[in-house]
Structures are given as C-alpha cells and as structure tokens.
C-alpha cells in the first residue's frame, strides 16, 4: 500500500461520473481545523528529529471514554492512576472533541487525519468494504520513514483496515466482541489470518499481552509505533472477573437532566425526543436497563483499561525506553451516562463529543501542562507524525497540537464542524450536523422537519436552554448557520459508487 499512492500519482486519470479521482480529491482537500490552516512539520523540526533517536510511539485509544472519565479530571468515583500518569507527566487537553461520535467513522478519522465526509467512512455500515486505497494511513507514512507498526485490539473500522500493510495485526472488527471468548485475527507483514476464538480470555487483557510481546521483539534500531485500541467499556459492559464486585454499595449520582423526559423534554426538538437511546426503555439494548447498572459497569471496564495501560507503561519503563516513547491517549467518542436519561453517543451534545486527550513525551513536552484550546480527532494523525518528525501531508484536515506544548494559542481553533450520518440506526438518532465555537453550539437535524438546537455554552454548559428559533437570538442563529455552511463546504466530499 505504501507504494500505491506514489505509483498512482504518475498515472493518467479518467473521470467517472459520481466518483472523485485521487487527484481531484487531494487537490480539493482543503485542510480545515476550524478556521486555522493545516500545520506542517518545519524542516528545522524534521532535521532535529533525524539527528536524535526517533521516538517510539504508543497510541492508546479508548472506547466511548468521555472526557470526565478520569480521576485526573476530577471524577468522584473512578480511579485511573495510569491514565493520570500520562497527563500528570505530560500535556492534558480539557477541550478535545470528536467530529462524528460513532465508532467506525471516528477510527477512520484517527487513522487518516480526515473528516468522515472526506474518507467516505460515514457510519458503522460497510464493515467489509476497505477505506479507499488512495487515502494513506498515518502508520503507512511512518513505515516509509523506517517505523514498524502494529494495531492491536478493537479496530472496528472499514474492513478492520486488515488489507493495509501492518507489521503486526491482532485485531477484531466488531463493535464489542465476545468478552468471555473473544474473536481476533492475527497477521504479520500485511498478511492477516483467519478469525480465531480464544477461550476464557478478557479481550483487552489478551490484546495487551500481544502488544507487550510485540514490543519485546528484536527490531534492531528501528523505532516502533503501537496502536493499542481497547474494547471496554463498550456495551454489554462485561467486566473482568477481578472486578465483578467493584462499586458494590457505591451510590451513583443522577444527572440534573435525568428526569427531563417526565417534563416532556422542555425545549428539545422532536428529533431529539423521538430517539430511542433512553436508559430503561430499549428492547434492542438490554444491557442499558438502569443508570446504576450501566454507570458501574462502564467505570469497572475503564478500571481494567487503566490496568492494561499501566502494564504497557511499566514494561516500557523496565525496558528503559519509557522516556524514549511518545504516548498519546484519547478516545473515539464520549458517552451519555444518564444525561436526559440517554445512553450511547451519536448526538452532538457535550457528553457524546467530548473526549480525553493527553500526551507524554518528556523529550519535547514538559510535565503538568493543561490546555483549554479546542482540539479534534482530526489532529491525532498529524500530531503522531509530528512526534516522529515526519512531514504532515497537506490533505490531512487536522494539525499537530505540539505547538501548544510550548505555549497557549488563543487562535489555535475558534470553531469546528460536526456531522453524524447514520440512518437508519438501532436508536433512531436522526442525522444532524453542527458547529461548535468556543462559546456557542448550533445543531441542525437534517430530516423532515428541519429542527435545531442552539446553546450558549458559557451561560448554559449543561445545554438545558435551547435558544433555537427564538426571535431574540435570530441574528446569532443566522450567523452560526452561515458559518456552519462555510465550514461544511471546505470539507471535500468523498463520492463513491457503492
């Protein structure tokens, strides 16, 4: 795959109706990260990286881990000492977001640095259809620079990207997997074998075992990039046996909006009200019967994830390479835990779109930094390339966040675009798009009838008071709608025939 892009660049292109060619796509791929331009690694930085040993890279990707689901973020119940170490000894971002709160498209964005609209990976469908081969993964760019790359755990994106050239692959393309007897495919050097079921193994424990074994392999002086992507705490939220009784007797606080359904969801549009992602009333999600059950199982799953992150970091430390390894931790999307009595994600409200984001690499990042600038999942791939000293290609629509390790930048990103596409879906969450600025959020549902939500997040961080359609806010609404349309127009649309 790493040679396909260079070869195809020199071939002639013919246009097919409804299909965007590689040249057309990349030429029109305007980098959008809010209103800021795509950052590139400067020659000076790249040269500095080549003179010193290039860092190993470890990318921990959470599953549905909301931004406040860390003890370093002040969570009153959940304890995550190993997650916290990354933020405490590195740089932590308090305003990180996903651009499409759904597993498969978010994972495609992490791998490509591009919006769903531009990758064509819009939703959780087409599970066996690969990503377009002319869109490189950041791992393939690293391979060209001498890195060995591995993906381990829950891949769950288009075809599990198993057709790409992984030095090591141990993954599954399922939303959740079988927590008791998990299913994985394993392969090396671009060849992935058949699916195998493992008996009596917690999937994240098994994936971490494989990740540590791969780190141990002799690769000479070649650096490595490990993607360890967890499946817990995805529904059905099964726990490892060691945490079967965790949180027994611990009370779970009810969100202030939990009983809004009993009041008719004041201010919320019909598209929001009609969605069936409500705790206790869904026949298609039997694990989501109660707030207490979901919350405790969710937290217990994250404790297990924290333990596995600790296992990897401790191994790197014992091997004497922890400080030579850049570690990035974030999540594919957030998760509702009873806000408006909701579970799951998809919607553009804060619990669903906010994610943790932190980086530890003492060679370039001082410890204890906290930043409030808005960063996105489109920034993951550029940041990892920057850490490795690899130039960031112009078609990527995010930018490296490493500039924020040195100083704050109020102009880093002032606004950004969100879009959720999947319809129909098991929870009847209507497709919608929106814009979020530092203060305001506008959500527009795109099915008939056109409806919306508008919030002043400074005055109303809980998104209780919907200002959409109110005469006194008509000017603000019109302005945000204009900005939304402009942002959307700057994100090239990937047109496919199937």
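The values are calculated or read from the model by the stated rules, or taken from the named source; none is laboratory data. All values derive from a computational prediction rather than experimental measurement. Note that we place each Cβ from the backbone using ideal geometry, even for glycine, and neighbour counts take in every protein chain shown.
I need the full set of residues from the range 113-149 which are within 17 Å of residue 417 (Cα to Cα), in contact with a helix residue (DSSP H, G or I) (Cβ under 7 Å, 6 or more places away or on another chain) and outside any loop (DSSP other than H, G, I, E, B), in order please.
If the condition is that a residue be within 17 Å of residue 417 (Cα to Cα), in contact with a helix residue (DSSP H, G or I) (Cβ under 7 Å, 6 or more places away or on another chain) and outside any loop (DSSP other than H, G, I, E, B), then 116, 119 are the ones that fit.
Condition (residue is assigned to a helix (DSSP H, G or I), more than 21 Å from the chain's Cα centre (by Cα) and buried (at least 16 other Cβ atoms within 10 Å of the Cβ)) applied to the range 318-329: is it met by at least one residue? Walk me through how you get there before you give the answer.
Within the range 318-329, the first condition is being assigned to a helix (DSSP H, G or I), and the residues that meet it are 318, 322-324.
Add one more test, that the residue is more than 21 Å from the chain's Cα centre (by Cα), and what stays is 318, 322-324.
When the remaining residues are screened for being buried (at least 16 other Cβ atoms within 10 Å of the Cβ), the result is 322, 324.
Checking the range 318-329: at least one residue is assigned to a helix (DSSP H, G or I), more than 21 Å from the chain's Cα centre (by Cα) and buried (at least 16 other Cβ atoms within 10 Å of the Cβ).
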Among the residues of the range 440-464, which ones are surrounded by 13 or more Cβ atoms within 10 Å (Cβ to Cβ) and more than 24 Å from residue 344 (Cβ to Cβ)?
440, 456
Tell me, please, whether a residue that is farther than 26 Å from residue 468 by Cα, out of contact with any strand residue (DSSP E or B) (no Cβ under 9 Å at 6 or more places or on another chain) and without any contact (Cβ under 8 Å) to a residue 24 or more places away in the chain can be found in the range 440-449.
no
If we only count strands (runs of 3 or more DSSP E) wholly inside the range 404-474, which ones have 1 or more residues that are within 22 Å of the chain's Cα centre (by Cα)?
415-420, 432-437, 440-445
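Only one of these is closer than 28 Å to residue 85 by Cα and either more than 26 Å from the chain's Cα centre (by Cα) or surrounded by fewer than 19 Cβ atoms within 10 Å (Cβ to Cβ) (or both): 244, 300. Name it.
The match here is 244.
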Could you please find all residues in the range 164-201 being surrounded by fewer than 21 Cβ atoms within 10 Å (Cβ to Cβ), touching a strand residue (DSSP E or B) at 6+ places or on another chain (Cβ under 6 Å) and assigned to a loop (DSSP other than H, G, I, E, B)?
181
Hits in the range 411-427 (condition: out of contact with any strand residue (DSSP E or B) (no Cβ under 8 Å at 6 or more places or on another chain) and at pLDDT below 95):
424, 425, 426
Candidates 94, 99 - the one that is modelled with pLDDT of 95 or more, over 24 Å from residue 204 (Cα atoms) and surrounded by fewer than 21 Cβ atoms within 10 Å (Cβ to Cβ)
94
Every pair of residues 6+ apart whose Cβ atoms lie under 6 Å, when the first sits in the range 162-183 and is at positive phi while the second is in a loop (DSSP other than H, G, I, E, B) and surrounded by 20 or more Cβ atoms within 10 Å (Cβ to Cβ):
177/231
Starting from residues that are closer than 15 Å to residue 142 by Cα and not in a loop (DSSP other than H, G, I, E, B), keep the ones in the range 202-227 and report whichever is farthest from the chain's Cα centre (by Cα).
224
Determine whether the range 57-65 contains at least one residue that is on the phi > 0 side of the Ramachandran plot, out of contact with any helix residue (DSSP H, G or I) (no Cβ under 6 Å at 6 or more places or on another chain) and touching a residue at least 60 places away in the same chain (Cβ under 8 Å).
yes
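Which is touching a helix residue (DSSP H, G or I) at 6+ places or on another chain (Cβ under 7 Å), surrounded by fewer than 20 Cβ atoms within 10 Å (Cβ to Cβ) and within 22 Å of residue 106 (Cβ to Cβ), of 345, 428?
Answer to the selection: 428.
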Conditions (1) in a loop (DSSP other than H, G, I, E, B); (2) out of contact with any strand residue (DSSP E or B) (no Cβ under 6 Å at 6 or more places or on another chain) -> residue 288 fails only (2)
Of the residues in the range 397-415 that are in contact with a helix residue (DSSP H, G or I) (Cβ under 7 Å, 6 or more places away or on another chain) and surrounded by fewer than 23 Cβ atoms within 10 Å (Cβ to Cβ), the one that is nearest to residue 111 (Cα to Cα) is 402
The condition of being assigned to a loop (DSSP other than H, G, I, E, B) and either surrounded by 15 or more Cβ atoms within 10 Å (Cβ to Cβ) or without any contact (Cβ under 8 Å) to a residue 24 or more places away in the chain (or both) holds, among 294, 231, only for 231
